[in-house]
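Remarks on the structure that follows.
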């Protein structure tokens, strides 16, 4: 049991919110919308991980059946300036990642891409089977201007709702209905520019899974990482960062996802994670490798390929 009260102060890390902003000349942009929701857009084609915008409060998650909030979803899509997506890519199927995926796909005409568990969420949301793609791990698939490759991963321990989803998830349902399912690291290759990024949705890994892959930028999920021993950090960094040889690392999945995106972001409380520990260890590892390390700014269109 963790007895540490309170939560980290994001003001202590103000200097890390310096990811390069996009300009009018940027051919490809990434916009973060909390947890591991990322919009990757080139002005014509667009894919999105997760699409989690409802963010129900802790009391609701613990005591009630959950449904996606369509007003929040519509408001966030409008804030992102996106009405069409080629694909929605849940990194795994816990509620804080995939609860809104079917609604986002329905609103944007997208295909849900993932494992069998993500397909069950799509079916529960009323999507037809031709808009549900169950991938072969490690095999790239084209969506618009992108090739998308899902690589097997693991959820960061502990996984409170492990196992696959075996039947359609039809809201309202309890949070436990959103079992983890397949966990993915997602490689995205933008063919016109040959730019590549890796999104690791959860701070877990399969040893050797990313061997032989490469990415210019890694968006690294760190949810629950601050509760792990330092040796786990080192192994995770080796498997998720050093394995693909990036030039920049951006940390995601550190914000309190029980708080709506209309409120100022804050870190998860110490009872569930420890951003202070994560920043201390990861900043050291990044310095050792000579890599810029960033925290993303909500809603900001970034160009993480802008290297000086």
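The values are calculated or read from the model by the stated rules, or taken from the named source; none is laboratory data. Only a predicted model underlies this, so the values are computations on that prediction, with no experimental measurement involved. In this analysis, Cβ positions are derived from the backbone assuming ideal geometry, glycine residues included, and neighbour counts consider all displayed protein chains.
So, of the residues in segment 267-308 that are without any contact (Cβ under 8 Å) to a residue 12 or more places away in the chain and assigned to a loop (DSSP other than H, G, I, E, B), which turns out to be surrounded by the most Cβ atoms within 10 Å (Cβ to Cβ)? The residue in question is 290.
Sub-6 Å Cβ pairs linking a first residue in segment 170-186 that is in contact (Cβ under 8 Å) with a residue 60 or more places away in the chain and on the phi > 0 side of the Ramachandran plot to a second residue that is crowded, with 21+ Cβ neighbours inside 10 Å and part of a loop (DSSP other than H, G, I, E, B), at least 6 apart or interchain, are 181/92; 181/93; 181/115; 181/165, ordered by first then second residue. If you go through segment 117-165 and keep only what is part of a helix (DSSP H, G or I) and under 17 Å from residue 36 (Cβ atoms), you end up with 117, 118, 121. Taking (1) touching a helix residue (DSSP H, G or I) at 6+ places or on another chain (Cβ under 6 Å); (2) not in a helix (DSSP H, G or I) in turn, residue 61 satisfies each apart from (2).
Out of the residues in segment 175-208 that are under 22 Å from residue 59 (Cα atoms) and out of contact with any strand residue (DSSP E or B) (no Cβ under 7 Å at 6 or more places or on another chain), state the one that is surrounded by the fewest Cβ atoms within 10 Å (Cβ to Cβ).
Narrowing segment 175-208 to residues under 22 Å from residue 59 (Cα atoms): 175-180.
After this cut, where a residue has to be out of contact with any strand residue (DSSP E or B) (no Cβ under 7 Å at 6 or more places or on another chain) as well, the list is 176-180.
Numbers: 176: 10, 177: 21, 178: 24, 179: 21, 180: 22.
Among them, the one singled out is 176.
Just to verify a result, which residue in segment 90-102, among those that are part of a helix (DSSP H, G or I) and touching a residue at least 40 places away in the same chain (Cβ under 8 Å), is surrounded by the fewest Cβ atoms within 10 Å (Cβ to Cβ)? The extreme case among them is 96. Given the criteria crowded, with 22+ Cβ neighbours inside 10 Å, over 14 Å from the mean Cα position of the chain (by Cα) and not in a loop (DSSP other than H, G, I, E, B), does residue 219 qualify? When the stated conditions are applied, residue 219 does not pass them.
Yes or no: segment 80-89 includes at least one residue that is in a loop (DSSP other than H, G, I, E, B), within 21 Å of residue 187 (Cβ to Cβ) and modelled with pLDDT of 95 or more. Working first, answer last.
The initial filter retains those residues of segment 80-89 that are in a loop (DSSP other than H, G, I, E, B), namely 81-86.
Of the ones still in play, those that are also within 21 Å of residue 187 (Cβ to Cβ) are 85-86.
Now narrow it down to the ones that are modelled with pLDDT of 95 or more: 85-86.
Looking through segment 80-89, at least one residue is in a loop (DSSP other than H, G, I, E, B), within 21 Å of residue 187 (Cβ to Cβ) and modelled with pLDDT of 95 or more.
In this structure, is residue 25 farther than 19 Å from residue 254 by Cα, in contact with a strand residue (DSSP E or B) (Cβ under 6 Å, 6 or more places away or on another chain) and surrounded by fewer than 14 Cβ atoms within 10 Å (Cβ to Cβ)? So residue 25 fails the test. Of the listed requirements (1) closer than 25 Å to residue 144 by Cβ; (2) in a helix (DSSP H, G or I), residue 199 misses just one: (2). Here the condition is being in a loop (DSSP other than H, G, I, E, B), surrounded by 19 or more Cβ atoms within 10 Å (Cβ to Cβ) and over 16 Å from the mean Cα position of the chain (by Cα); of 246, 264, it holds for 246 alone.
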